[in-house]
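A.B. asks: Encoded as structure tokens, here's the structure I'll be asking about.
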Amino acid sequence: MALTVAARELFAELGFHATPAEAVVRRAGVTSGALYHHFQDKTDLFRAAFEAVEVCLAGRVAAEARLGRDAWERLERGVAEYLRACRETEVRRIMLQDGPSVLGWEEWHTIDAAHHLRPLAASLALVMRAGMMERRPPEPLARVLMGALTEAGLASSSDFAQAESATLWLLGRLKAV
């Protein structure tokens, strides 16, 4: 939908608070009536843009993970792709910066968990079943790793390489030798 595409572009470029709804309507080439026919308000439009970014990123992470030769390599590749994506303005601004404040932490977390936390927990469970990691409850471990990934994704551009390296190092410490 043209409104969601325009919203993603503008929210990524300017942020939610600096993007007037009228700018989204102009970029999409529709009327404000069309905006309010499909969405209750600008926050509802943001939610749709946020979900679209989440779906896109989850697809990218899954596609990259599938290239791994075994469960551990699939986990590593998925984590590395998630971190690469966090360098992109759209992912960084919409998902990590504006998402929690615009949607509220509870809704942000619920949506994010559906796209990233659950697949990460499933991946960890596969790694454990393959004997490549000590068996632990996968969901709490996924929460801890997701927290590390989110924090690394929020690192400033000058600190990002170190944060990414530290996160991948931390992940590597979990691997059974």
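A.B. asks: If the elastic network links every pair of Cα atoms under 10 Å, which of ASP41, ASP112, ASP98 fluctuates the most in the Gaussian network model of the chain?
C.D. replies: ASP41
A.B. asks: Sticking with this one: So who's got an amide H within less than 5 Å of the one on MET133, skipping anything under 5 residues away but keeping other chains? H placed 1.01 Å off N, in plane.
C.D. replies: Here the answer is ALA176, since their amide H atoms fall under 5 Å of that of MET133.
A.B. asks: Compute, for PHE39, the solvent-accessible surface of its heavy atoms (probe 1.4 Å) with the complete set of protein chains present, and express it in square angstrom to the nearest 10.
C.D. replies: Approximately 20 Å² of PHE39 is accessible to the 1.4 Å probe.
A.B. asks: Given a Förster radius of 41 Å and the C-beta distance between GLU73 and MET1 as r, what FRET efficiency does 1/(1 + (r/R0)^6) yield to the nearest 0.05? The partial results should precede the final answer.
C.D. replies: Details: r = 37 Å, r/R0 = 0.89.
Step by step, r from the Cβ atoms, then E = 0.65.
A.B. asks: Whole-Hz Karplus ³J(HN,Hα) for segment 32-46, in order, using 6.51 cos²θ - 1.76 cosθ + 1.60 and θ = phi - 60°, x for Gly and Pro?
C.D. replies: After applying 6.51 cos²θ - 1.76 cosθ + 1.60, I find 5, x, 5, 4, 7, 6, 8, 9, 5, 6, 5, 5, 5, 5, 4 Hz.
A.B. asks: Among ILE94, GLN162, LEU174, whose Cα sits farthest toward the positive end of the charge dipole of the chain (+1 at Cβ of Lys/Arg, -1 at Cβ of Asp/Glu, about the Cα centre)?
C.D. replies: Value: LEU174.
A.B. asks: Further question on the same structure: What list of ³J(HN,Hα) values in whole Hz, one per residue of segment 152-166 in order, does the Karplus curve 6.51 cos²θ - 1.76 cosθ + 1.60 (θ = phi - 60°) give from phi, with Gly and Pro shown as x?
C.D. replies: 4, x, 8, 4, 5, 4, 6, 9, 4, 4, 5, 5, 4, 4, 5
A.B. asks: Residue by residue through segment 6-17, which ³J(HN,Hα) values in whole Hz follow from phi under the Karplus form 6.51 cos²θ - 1.76 cosθ + 1.60 (θ = phi - 60°), with glycine and proline marked x?
C.D. replies: Once rounded to whole Hz, the list reads 4, 4, 4, 4, 6, 5, 5, 6, 10, x, 4, 5.
A.B. asks: For a quick check, take a GNM of the chain with Cα springs below 10 Å and name the residue from MET132, MET95, MET146 with the largest mean-square fluctuation.
C.D. replies: MET132
A.B. asks: So, taking all protein chains as they sit and a 1.4 Å probe, how much accessible area belongs to GLU139, in Å² rounded to tens?
C.D. replies: The accessible area comes out at roughly 100 Å².
The values are calculated or read from the model by the stated rules, or taken from the named source; none is laboratory data. None of the values given here were measured: they were computed from a predicted structure. With ideal geometry, Cβ positions are generated from the backbone for all residues, glycine too; neighbour counts draw on all protein chains shown. Side chains included, ligands, DNA and RNA excluded: accessible areas come from the protein's heavy atoms. Shrake-Rupley method; radii C 1.70, N 1.55, O 1.52, S 1.80 Å.
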